[in-house]
1. Taking interchain pairs and intrachain pairs at least six residues apart, which have beta carbon atoms under 6 angstrom, with the first residue in segment 251-268 and under 9 Å from residue 227 (Cα atoms) and the second part of a strand (DSSP E or B) and polar (S, T, N, Q)?
2. Looking only at segment 78-107, which residues are in a loop (DSSP other than H, G, I, E, B), free of Cβ contacts under 8 Å to residues at least 60 places away in the same chain and either of a type in the set (Ser, Thr, Tyr) or more than 30 Å from residue 130 (Cβ to Cβ) (or both)?
3. Considering only residues that are surrounded by fewer than 21 Cβ atoms within 10 Å (Cβ to Cβ) and in contact with a Phe, Trp or Tyr (Cβ under 9 Å, 6 or more places away or on another chain), look in segment 226-258 and name the one that is nearest to residue 64 (Cα to Cα).
4. Check 55, 68, 42 and return the single one that is at positive phi, open to solvent by less than 30 Å² (accessible area, probe 1.4 Å) and touching a residue at least 12 places away in the same chain (Cβ under 8 Å).
5. Would you mind telling me which numbered condition in (1) hydroxyl-bearing (Ser, Thr, Tyr); (2) at pLDDT 95 or above; (3) open to solvent by less than 40 Å² (accessible area, probe 1.4 Å) residue 76 fails?
6. From the list 146, 238, exactly one residue is closer than 29 Å to residue 262 by Cα, at pLDDT 95 or above and not small (Gly, Ala, Ser). Which is it?
7. Determine whether residue 30 is over 15 Å from the mean Cα position of the chain (by Cα) and either surrounded by 15 or more Cβ atoms within 10 Å (Cβ to Cβ) or closer than 25 Å to residue 128 by Cα (or both).
8. Filtering segment 168-199 down to residues that are among the aliphatic types (A, V, I, L, M) and open to solvent by 10 Å² or more (accessible area, probe 1.4 Å), which residue is farthest from residue 246 (Cα to Cα)?
Amino acid sequence: MKIYKYILGALLLSGLTLPLTNVRAQDVHLKCLEWNVKALEFYNNSNVSKEIDRFVALIEEQQAEIIFFNEFETLSGAMFLKEKANEFAKELGMYSFFIHSYNKRGNDGYYGNVILSKYPIVNTGRVLLGMYEGADQRSVGWADILVPTDSKPEGVKVRIVCTHLDAFGGDVTCFEQAKEVLEHAVKPSVDQGIPVLLAGDMNCGYYSTAIAEYEKSGDRLCNNNGTFSHGGSKLDYLIGFPKQKWTCTDYQVIRTTEADALSDHSPITGTAVLKN
């Protein structure tokens, strides 16, 4: 198992034009948005130019502070050799971390996940997950952020974890990959007293063994409403660790004409509130 750790300034962690974060809250409230963006192709595959304006507009409408992207492609010919994570970060005034899963065929760019944060990123890491019975290489990545509050202006550390489990290996693969996510990204943080928010396309239903494994040590901050194929299967999740540490009362699946046009997955949003 290969584990990769990075610090600020590492490759693909945006560090050229970083936002100045003076936001301070009484407690930690993080408006999260998770979205499988289908490589920016749009639902009908019509986004040949891979423009991000419509994605940015929807995210801004939701006033998201933490963003989790799945099925993210960057620096490929299809993306006109642009680094799309930093492009989103610049437009949204955020810090970014691209989580590499694999190189595109012929080394034509990279595929993986992305974390965007309004708050400074002070540590990042990535683990390649086992393949098991699956077909695609998957990864989990994390970014530790500092969220200033009234009581702790220097910032409360929170770990943001993003993953995308393999759809082709069935429940067995999703279960084994979920255990790795917990082992490498979640448990080490919780053991140090750092709360964790995990989100991503888990490619399994709420009744699956993978989600049950997460719920042994964490709480789901999302409901069972469908997120794939315009309200079909429930595949996308927001989960807080450890148990009884996070709440969320405004969770929703974004089902608008615009959201349905941009991807085959609906974005999910919710404000995760850290209990004192």
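The values are calculated or read from the model by the stated rules, or taken from the named source; none is laboratory data. It should be emphasised that the depicted structure is a prediction, and the values quoted were computed from it without experimental measurement. All Cβ positions, glycine included, derive from the backbone under ideal geometry; neighbour counts span all protein chains shown. All accessible areas refer to the heavy atoms of the entire protein, side chains included, with ligands and DNA or RNA removed. Shrake-Rupley method; radii C 1.70, N 1.55, O 1.52, S 1.80 Å.
1. Listed by first residue and then by second, the contacts come to 265/36.
2. Once the filter is applied, which keeps residues that are in a loop (DSSP other than H, G, I, E, B), free of Cβ contacts under 8 Å to residues at least 60 places away in the same chain and either of a type in the set (Ser, Thr, Tyr) or more than 30 Å from residue 130 (Cβ to Cβ) (or both), segment 78-107 yields 80, 81, 82.
3. Step by step, filter segment 226-258, then rank; the result is 254.
4. Numbers: 55 fails: at positive phi; 68 fails: at positive phi.
Sole residue among the options that is at positive phi, open to solvent by less than 30 Å² (accessible area, probe 1.4 Å) and touching a residue at least 12 places away in the same chain (Cβ under 8 Å): 42.
5. It is condition (2) that residue 76 fails.
6. The match here is 238.
7. Criteria not met by residue 30.
8. This residue is 172.
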